[in-house]
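Each remark here refers to the structure printed beneath this line.
The values are calculated or read from the model by the stated rules, or taken from the named source; none is laboratory data. All values derive from a computational prediction rather than experimental measurement. For neighbour counting, all protein chains shown are included, and Cβ atoms are generated from backbone atoms with ideal geometry for every residue, glycine included. Protein only, heavy atoms only, side chains kept; ligands, DNA and RNA dropped before computing areas. Shrake-Rupley method; radii C 1.70, N 1.55, O 1.52, S 1.80 Å.
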Amino acid sequence: MRKTAFAGALTLLCLAAGAPVRAAEPFKPTQRAGYFFVGGHYEAAKDKTTASGQMYVTYRAPERVTQPYPIVMVHGTAQTGTNFLGTPDGRPGWADRFAAKGFAVYVVDQVGRGRSGGDPETYGPYARLPVEDLETVFTGQERSGLYPQAKLHTQWPGGPGVRGNAAFDQFYLSQVPYIASALKSEELVDPALIALLEKTGPAILLTHSQAGVFGWAVSDQRPDLVKAHVAVEPNGPTFYDIRFKGGDAWYERVGDSRARPYGITRVPLHFEPPVSKPADLTVVQAETAAAPDKIRCWLQAEPVRTLPNLAKVPAVIVTSEASFRATMDDCTGAFLEQAGAKPDRLRLAERGIHGNGHMMMLESNSDEVADAIIGWITSQTATPDGKPRP
């Protein structure tokens, strides 16, 4: 007991003297697959105590890890980590593909969703995506033609992704209720992801769709932990939401309030000069679109405030040929370039990968898409002899 007390006093003395604290060793899987939880705390309400803020993480570990950093995969709205664990027509998913290429892979279910535990009493109201939204925009867009690129969609397994297509039916059955407040989701998921990165050590974030907001925020808050951010068709466009209508005037802005007050997130980012409130960012819309099949971007007015932390993290915006995000991803790129964070662009069609929609990780050529992303990651994170880049 005396030795224990002495050791504790010595530790406190060292901390008080400013001695460096050794970081915990990164988590090392002891088996090829498993799971754990990060984040969360006990919360008392009325006459019961429950858990809040926890996030489920499943992992895949190759026989031999050859990549210098693990990869963390984060799904989008109404989805869970199953998006990366397999495809709706029964093929291996991106988690297995990345593991086969030597990555330790971590796949999450967002806080308040799926295996992380959905609870309206804790997290507030929930929402669901109707079948029609997925059929017309995500998986069967070639039939609805609500935006110009929709007609190029060819990669959903078994033809257009609509009811009666077995792969679509499996996909829709995988949809789950999600926290209705997008801001609440950011406030919950961002710290849980940071807790995960503190457990794994520095890692690559791969975010899809809605999860793009988490990737930008975590990169901004902890650029020391994010070695690269792969933003697969990130949440957008900048500042405002839009809806698709088809025809010549094929989109319109939704409402007057900013959906993402800080351009690419709802939570504050570290701008320079500092931003104390969203109104500090003056927004202007471009006079013209970059092309007839693009929207007119909302960007910062001059003088532009920069995002120095995001500029430290290599990032790539991945865009497929036939996705509704092909209309707006250029705006996300332009916003970041304005702010001094210059993301790379991986336009799949320019790599000869055609016909994909927004759910590219589930489509017939999902391995081809994964390999293109892996090529970008290795160019950013490893030297030619396979050693980690500084």
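With the checklist (1) closer than 24 Å to Val230 by Cβ; (2) of a type outside the set (Asp, Glu); (3) assigned to a helix (DSSP H, G or I); (4) more than 24 Å from the chain's Cα centre (by Cα) in hand, flag the one item Ala290 doesn't pass.
(3)
I need the full set of residues from region 335-354 which are in contact with a strand residue (DSSP E or B) (Cβ under 8 Å, 6 or more places away or on another chain) and outside any loop (DSSP other than H, G, I, E, B), in order please.
If the condition is that a residue be in contact with a strand residue (DSSP E or B) (Cβ under 8 Å, 6 or more places away or on another chain) and outside any loop (DSSP other than H, G, I, E, B), then Phe335, Leu336, Gln338, Asp344, Arg345, Leu346, Arg347, Leu348 are the ones that fit.
Just for strands (runs of 3 or more DSSP E) wholly inside region 22-115: which have at least 1 residues that are of a type in the set (Ser, Thr, Tyr)?
Because the criterion is at least 1 residues that are of a type in the set (Ser, Thr, Tyr), the strands (runs of 3 or more DSSP E) in region 22-115 that meet it are 33-45, 48-60, 105-109.
So in region 128-143, with the set limited to residues that are open to solvent by 50 Å² or more (accessible area, probe 1.4 Å) and free of Cβ contacts under 8 Å to residues at least 60 places away in the same chain, which one is nearest to Gly159 (Cα to Cα)?
The extreme case among them is Arg143.
Residues Asp96, Asp47, Asp89: which one is open to solvent by 10 Å² or more (accessible area, probe 1.4 Å) and under 21 Å from Phe138 (Cβ atoms)?
Working: Asp96 fails: under 21 Å from Phe138 (Cβ atoms); Asp47 fails: under 21 Å from Phe138 (Cβ atoms).
Matching residue, one of Asp96, Asp47, Asp89: Asp89.
Could you grab me the full set of residues in region 84-104 that are farther than 20 Å from Gln54 by Cβ and within 16 Å of the chain's Cα centre (by Cα)?
Trp94, Ala95
Residues Gly164, Gly158: which one is touching a residue at least 60 places away in the same chain (Cβ under 8 Å), in a loop (DSSP other than H, G, I, E, B) and more than 18 Å from Gln79 (Cα to Cα)?
That would be Gly158, the only listed residue that is touching a residue at least 60 places away in the same chain (Cβ under 8 Å), in a loop (DSSP other than H, G, I, E, B) and more than 18 Å from Gln79 (Cα to Cα).
Mind listing just one residue for me: the one in region 238-262 that is part of a loop (DSSP other than H, G, I, E, B), in contact with a strand residue (DSSP E or B) (Cβ under 7 Å, 6 or more places away or on another chain) and in contact (Cβ under 8 Å) with a residue 60 or more places away in the chain and, of those, nearest to Thr378 (Cα to Cα)?
Thr238
Sort out which residues of region 102-127 are at pLDDT 95 or above and open to solvent by 50 Å² or more (accessible area, probe 1.4 Å), and write them in order of number.
Answer for region 102-127, where residues must be at pLDDT 95 or above and open to solvent by 50 Å² or more (accessible area, probe 1.4 Å): Arg115, Pro125, Tyr126.
Please identify the pairs in which a residue from region 303-324 that is at pLDDT below 95 has its Cβ atom under 7 Å from the Cβ atom of a residue that is basic (Lys, Arg), counting only partners at least 6 apart or on another chain.
So the pair list comes out empty.
Regarding region 210-223, can at least one residue be identified that is closer than 20 Å to Val137 by Cβ, in a helix (DSSP H, G or I) and open to solvent by 10 Å² or more (accessible area, probe 1.4 Å)?
Filtering region 210-223 down to residues closer than 20 Å to Val137 by Cβ leaves 210-213.
When the remaining residues are screened for being in a helix (DSSP H, G or I), the result is 210-213.
From the residues that got through so far, the ones that are open to solvent by 10 Å² or more (accessible area, probe 1.4 Å) too are 210.
Yes, region 210-223 contains a residue that is closer than 20 Å to Val137 by Cβ, in a helix (DSSP H, G or I) and open to solvent by 10 Å² or more (accessible area, probe 1.4 Å).
Looking at this structure, is Arg345 open to solvent by 10 Å² or more (accessible area, probe 1.4 Å) and under 30 Å from Pro268 (Cβ atoms)?
yes
Report every pair of residues separated by at least 6 positions or lying on different chains whose Cβ atoms are under 7 Å apart, first residue within region 66-84 and within 16 Å of Pro234 (Cβ to Cβ), second modelled with pLDDT under 95 and open to solvent by 30 Å² or more (accessible area, probe 1.4 Å).
Close Cβ pairs satisfying both conditions: none exist.
Condition first: open to solvent by 10 Å² or more (accessible area, probe 1.4 Å), of a type outside the set (Val, Ile, Thr) and assigned to a helix (DSSP H, G or I). Now tell me which residues in region 355-377 satisfy that. Steps first, answer last, please.
So in region 355-377, the residues open to solvent by 10 Å² or more (accessible area, probe 1.4 Å) come out as 364-365, 367-368, 371-372, 374-376.
Right, trim to of a type outside the set (Val, Ile, Thr) and you get 364-365, 367-368, 371-372, 375-376.
The answer is Asp367, Glu368, Asp371, Ala372, Gly375, Trp376.
Could you list, in sequence order, the residues of region 182-209 that are of a type in the set (S, T, N, Q) and within 14 Å of the chain's Cα centre (by Cα)?
Ser185, Thr207, Ser209
When you scan region 231-240, do you find a residue that is open to solvent by 10 Å² or more (accessible area, probe 1.4 Å) and touching a Gly at 6+ places or on another chain (Cβ under 7 Å), even just one?
yes
Is it the case, given these coordinates, that Phe37 is surrounded by 14 or more Cβ atoms within 10 Å (Cβ to Cβ) and either within 30 Å of Gly124 (Cβ to Cβ) or modelled with pLDDT of 95 or more (or both)?
Details: surrounded by 14 or more Cβ atoms within 10 Å (Cβ to Cβ): yes; either within 30 Å of Gly124 (Cβ to Cβ) or modelled with pLDDT of 95 or more (or both): yes.
So Phe37 fits the description; yes.
Only one of Pro26, Pro70, Pro20 is at pLDDT below 95 and in contact with a helix residue (DSSP H, G or I) (Cβ under 6 Å, 6 or more places away or on another chain). Can you tell me which?
It is Pro26.
Quick check: anything in region 57-72 open to solvent by 20 Å² or more (accessible area, probe 1.4 Å), in contact with a Leu (Cβ under 9 Å, 6 or more places away or on another chain) and closer than 30 Å to Val226 by Cα?
yes
Collect the residues in region 254-286 that are out of contact with any helix residue (DSSP H, G or I) (no Cβ under 9 Å at 6 or more places or on another chain), open to solvent by 40 Å² or more (accessible area, probe 1.4 Å) and either among the basic types (Lys, Arg) or closer than 18 Å to Glu337 by Cα (or both), keeping them in residue-number order.
Once the filter is applied, which keeps residues that are out of contact with any helix residue (DSSP H, G or I) (no Cβ under 9 Å at 6 or more places or on another chain), open to solvent by 40 Å² or more (accessible area, probe 1.4 Å) and either among the basic types (Lys, Arg) or closer than 18 Å to Glu337 by Cα (or both), region 254-286 yields Lys277, Thr282, Val284, Gln285.
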